[in-house]
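A.B. asks: Okay, here's the structure, questions in a sec.
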Amino acid sequence: MAGPGERNPIPWRVIFATIFAVLAVWIGLSILRELARIVTWLVVAGFLAVILTPAVDFLVNKLRFRRALATLLVFVTGLGLLAAMLYTFIRPIADQAAEFSDNFPEYVADARAGRGPVGGIVTRYDLDERLEQNQDRIRDAINELGSNSFDIVRSLGNALAAGLTIFVLAFLMILQGPQILATGLNVLRDERRERVKRVAGDCTKAITGYMAGNLLISVVAGTATFIFLFVADVPFRGVLALWVAFADLIPLVGATLGAIPTIIVAFLHSTVAGVAAIIFFVVYQQFENHVLQVTIMSRTVNLNPLAVLVSVLCGVELFGILGALLAIPVAGVIQVIVRDLYDERTGRLKPEPTIGSEEIPVSEAG
């Protein structure tokens with residue numbers, strides 16, 4: 001015992017335990033930083049597995065498929081739909097590029113003579129003269145692009161390898177998921193096991209509900225855009241509609257990213273079509289924000305705007321565009337877990353967790 005005015009010495013085991021804890025945290029963070037790519041693949045594969053598991057379970061439970069065959073069938077169907085979407089997106093671009101190449105001399109002659117929408121822009125801003133003055137710079141830029149083609153091919157190869165790895169991981173997660181979960185749950189006490197199973201199921205509902213709702217909204221956006229462009233007789237309507245649908249998947253900025261190229265192409269077609277495109281996207285965004293989002297999404301992942309913004313910013317900082325896509329469902333999962341922990345702490349644990357400020361039961365959401 002220390003005398004009056006003296007401090008009790010800190011035991012060496014406390015000092016060593018503190019140093020060990022700090023070193024362990026530092027080593028863990030270093031390992032995570034080195035394995036950041038693999039962690040990203042696992043996160044994406046996990047979300048993909050969660051999204052596809054209901055379809056696999058339907059084939060297994062309702063149609064009596066073996067789980068391996070059901071998983072393979074779901075993945076083949078998903079890859080087929082993805083290939084069809086890419087074909088629909090790329091084929092018009094290839095056809096229009098070939099047509100543009102065949103008619104390029106005519107386009108150049110019209111531009112030099114000041115005819116057509118491009119010709120008016122060339123004449124107004126003296127682009128023809130500026131093009132001649134900067135031919136050397138343009139040639140150097142093209143040559144530099146050619147010299148970097150190996151890097152581009154390597155990046156595409158890495159992306160293809162990453163995508164294949166993610167699909168394999170997701171396939172194995174779906175196939176072995178029930179066994180892994182059962183093994184982990186057997187370690188817990190009965191009451192804790194039931195609670196974990198319930199919360200995990202509710203988290204799955206939050207993820208699948210958000211993804212399904214977001215996909216439905218994107219389909220509506222793409223369909224509405226295609227109908228408008230068809231009525232306005234704007235070219236590249238199929239490609240532009242697919243781009244709007246894809247960009248609309250990205251929270252907050254996706255609608256703007258989808259609208260800008262469409263408006264530019266509409267203005268190149270005609271000034272009237274460009275103005276009409278601006279009006280269309282302004283009106284549609286109001287409809288999507290105040291009708292579609294409220295109807296489809298609010299009861300599935302009921303987050304306040306600040307939580308949405310913070311989650312998207314964190315997701316973009318960590319994983320880029322992919323993080324933006326996954327940010328809101330992750331925030332919804334965290335919300336379900338935190339709500340359940342809060343209910344337990346306050347002694348008012350509900351039969352099932354709730355989401356949102358209105359505390360809506362997850363089984364009633366969506």
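The values are calculated or read from the model by the stated rules, or taken from the named source; none is laboratory data. On a predicted model such as this, the values are computed, not experimentally measured, just so you know. Here the Cβ is made from the backbone with ideal geometry for all residues, glycine too, and neighbour counts use every protein chain on show.
A.B. asks: What residue, of G315, G274, G332, G347, is at pLDDT 80 or above and more than 20 Å from A245 (Cβ to Cβ)?
C.D. replies: Unique residue meeting the criteria: G274.
A.B. asks: Looking for something in contact with a helix residue (DSSP H, G or I) (Cβ under 7 Å, 6 or more places away or on another chain), more than 21 Å from Q285 (Cα to Cα) and at pLDDT 80 or above - is there at least one such residue anywhere in the range 180-192? It would help to see each step written out before you state the result.
C.D. replies: We begin by selecting, within the range 180-192, every residue in contact with a helix residue (DSSP H, G or I) (Cβ under 7 Å, 6 or more places away or on another chain); these are 185, 188.
Now narrow it down to the ones that are more than 21 Å from Q285 (Cα to Cα): 185, 188.
Keeping just the survivors that are at pLDDT 80 or above gives none.
The answer is no, given that none of the residues of the range 180-192 is in contact with a helix residue (DSSP H, G or I) (Cβ under 7 Å, 6 or more places away or on another chain), more than 21 Å from Q285 (Cα to Cα) and at pLDDT 80 or above.
A.B. asks: Moving to a separate point now. Looking at the range 172-224, which of its residues are more than 25 Å from W41 (Cα to Cα) and of a type in the set (S, T, Y)?
C.D. replies: Matches in the range 172-224: T223 only.
A.B. asks: Inspect all residues belonging to the range 222-232 and state whether any of them is hydroxyl-bearing (S, T, Y), touching a Pro at 6+ places or on another chain (Cβ under 6 Å) and closer than 30 Å to L59 by Cα.
C.D. replies: No: the range 222-232 contains no residue that is hydroxyl-bearing (S, T, Y), touching a Pro at 6+ places or on another chain (Cβ under 6 Å) and closer than 30 Å to L59 by Cα.
A.B. asks: For the condition within 17 Å of L249 (Cβ to Cβ), assigned by TED's automatic domain parsing to the domain that holds V272 and surrounded by fewer than 16 Cβ atoms within 10 Å (Cβ to Cβ), what is the one hit in V231, V219?
C.D. replies: Among V231, V219, only V219 is within 17 Å of L249 (Cβ to Cβ), assigned by TED's automatic domain parsing to the domain that holds V272 and surrounded by fewer than 16 Cβ atoms within 10 Å (Cβ to Cβ).
A.B. asks: So I250 fits all but one of (1) assigned to a loop (DSSP other than H, G, I, E, B); (2) at pLDDT below 75; (3) crowded, with 17+ Cβ neighbours inside 10 Å; what number is the exception?
C.D. replies: (2)
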